[in-house]
């Protein structure tokens with residue numbers, strides 16, 4: 001049974017669009033993902049939660065088709081047994097303890113009372129809520145409620161764990177523990193979809209990213225693949241050189257230069273370049289010849305967040321220079 | 001921290017019917033547990049005591065001079081019937097069955113039911129079951145406490161009939177208000193209240209064929225049949241009570257209607273896209 005599942009893709013979005021009345025939630029999304037761990041990254045309102053709702057079958061696409069493990073989430077109730085969801089919304093449950101609430105969730109997943117009780121003990125231990133299991137949930141701190149949400153999402157041992165902003169409300173220790181737990185989950189060969197608007201938090205957990213903005217897929221792939229993609233995009237490169245004017249004059253003649261700006265900081269040039277690799281090669285050549293002294297070159301591929309800003313900027317049709325946030 | 005696999009011995013139930021029944025009972029248990037609050041119990045007690053208090057006051061006024069009305073059985077039974085299987089039950093269902101979905105959406109807990117196999121239907125049926133239990137128990141206790149005040153000559157028989165009607169009314173009205181709760185996401189309480197006034201209070205008492213489509217008509221007809229009340233003019237011509245239709249037809253209409261409404265609710269709830277989040 002488990003082997004049959006392995007052959008199927010984790011997610012298949014076939015030109016999916018979803019409209020909330022006249023507002024576009026997801027716009028012509030086409031995506032195929034094999035099982036694995038992915039970070040779904042985008043700013044607030046990018047469509048992450050909508051995408052998750054499509055995966056869980058809570059929403060039906062206006063156009064296109066969604067498949068999870070080869071099945072339509074709208075039509076297959078059994079598929080839900082293979083998915084665990086930890087939503088972004090706060091857990092607002094009054095008058096019941098964590099144990100009672102988890103009991104309900106597991107009973108709804110089809111566990112008998114005795115089996116659910118056994119599993120609840122294990123999962124509460126895992127998220128560190130054993131000592132608070134009989135306390136009403138509404139007396140929990142935000143971090144404890146977050147852990148309680150995580151407990152219900154993994155209690156039925158799903159194959160795909162979906163977490164929407166799981167680090168919200170967690171203190172540094174809680175964030176570390178959550179990261180460790182998710183890394184462990186991935187190591188066990190289980191699939192993970194982690195939605196976040198904070199990139200550095202998810203970079204520790206996975207190297208595969210799905211970047212969305214405005215309901216559209218900006219890019220997907222590993223950090224390396226995305227950086228290679230960036231190399232082909234116009235981007236800003238900051239060059240610090242005491243011979244700034246000489247350098248500007250040399251660059252002016254190159255066909256792949258789009259714009260050159262003198263920055264407010266002395267000795268700094270911000271170069272908007274269509275082929276960054278050509279620029280790097282040329283700078284290395286000039287330095288090697290002793291023609292120019294260069295102190296520092298800062299490219300856009302420093303971290304994945306810069307890449308994300310670049311892609312968003314491209315999507316918005318803005319100039320690359322503006323996207324880096326460097327003062328002119 | 002490390003995540004262990006679920007042992008084979010604690011795997012979930014495979015049968016969908018078994019899972020549905022288990023889920024439904026789990027929701028019912030959870031809802032009962034959650035509703036044992038001071039506010040809810042006070043409301044339940046208030047709904048029991050208000051018909052009892054009204055009947056006691058009427059009884060005091062009727063019997064205070066030592067006189068007895070010509071037909072105390074009919075008068076007090078009708079008062080009790082209107083107050084309990086009609087008003088208390090409708091009010092109970094308005095409070096407990098109508099917000100089946102809206103309370104989940106407002107409490108942001110709907111999403112957890114969505115991602116469980118059959119979770120939506122289990123929530124609907126489990127909450128319906130609890131609403132019927134709360135309301136029927138409320139009605140039956142109210143009837144039990146009110147009957148001793150009435151001076152009715154056949155109290156056991158009257159209690160049995162009114163208690164049965166409370167149960168039937170809870171089942172039928174519960175299904176009706178649950179459907180309203182499933183159909184309407186916003187202002188559902190207002191819609192249900194308007195429905196209760198227009199259909200159950202006004203339409204149900206209009207002397208025309210149309211009142212036959214209300215639960216109140218079937219409940220009234222059963223009351224008259226089971227307690228052998230005479231259907232005289234102008235009651236006969238006004239068509240407020242059925243004359244000649246067997247009791248089992250009315251019971252079938254109430255229970256069958258409830259089953260159909262619940263089936264429609266189940267169908268609707270498993271397909272409806274409720275929105276509960278602001279993040280688009």
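The values are calculated or read from the model by the stated rules, or taken from the named source; none is laboratory data. Note that the structure is a prediction, hence the values are computed from the model and not measured. Backbone-built Cβ (ideal geometry, glycine too); neighbour counts: all protein chains shown.
Side notes on the structure shown:
- All helices (runs of 4 or more DSSP H) inside segment B:65-116 with 3 or more residues being under 22 Å from residue B:186 (Cβ atoms): B:89-96, B:102-106, B:110-114
- Residues of segment A:209-255 classified as modelled with pLDDT under 85 and not in a strand (DSSP E or B), total: 14
- The lone exception for residue A:138 - which of (1) surrounded by fewer than 17 Cβ atoms within 10 Å (Cβ to Cβ); (2) farther than 24 Å from residue B:34 by Cβ it fails: (2)
- Residue count, segment A:17-70 (criterion: part of a strand (DSSP E or B) and either over 25 Å from residue A:207 (Cβ atoms) or out of contact with any strand residue (DSSP E or B) (no Cβ under 7 Å at 6 or more places or on another chain) (or both)): 12
- Whether a residue is more than 10 Å from chain B (Cβ to nearest Cβ) and either crowded, with 22+ Cβ neighbours inside 10 Å or more than 17 Å from residue A:195 (Cα to Cα) (or both) was assessed, and residue A:65 passes this test.
- Each residue in segment B:139-161 was checked for being over 22 Å from residue B:259 (Cα atoms) and buried (at least 24 other Cβ atoms within 10 Å of the Cβ), and 3 pass.
- Scan segment B:32-63 for residues that are within 9 Å of chain A (Cβ to nearest Cβ) and either touching a strand residue (DSSP E or B) at 6+ places or on another chain (Cβ under 8 Å) or part of a helix (DSSP H, G or I) (or both) and the total you get is 3.
- Filtered by the rule that a residue be assigned to a loop (DSSP other than H, G, I, E, B) and surrounded by 13 or more Cβ atoms within 10 Å (Cβ to Cβ), segment B:223-267 gives B:227, B:229, B:231, B:239, B:240, B:241, B:242, B:245.
- Flag for residue A:79 being assigned to a helix (DSSP H, G or I), more than 7 Å from chain B (Cβ to nearest Cβ), farther than 16 Å from residue A:217 by Cβ and in contact with a helix residue (DSSP H, G or I) (Cβ under 7 Å, 6 or more places away or on another chain): no
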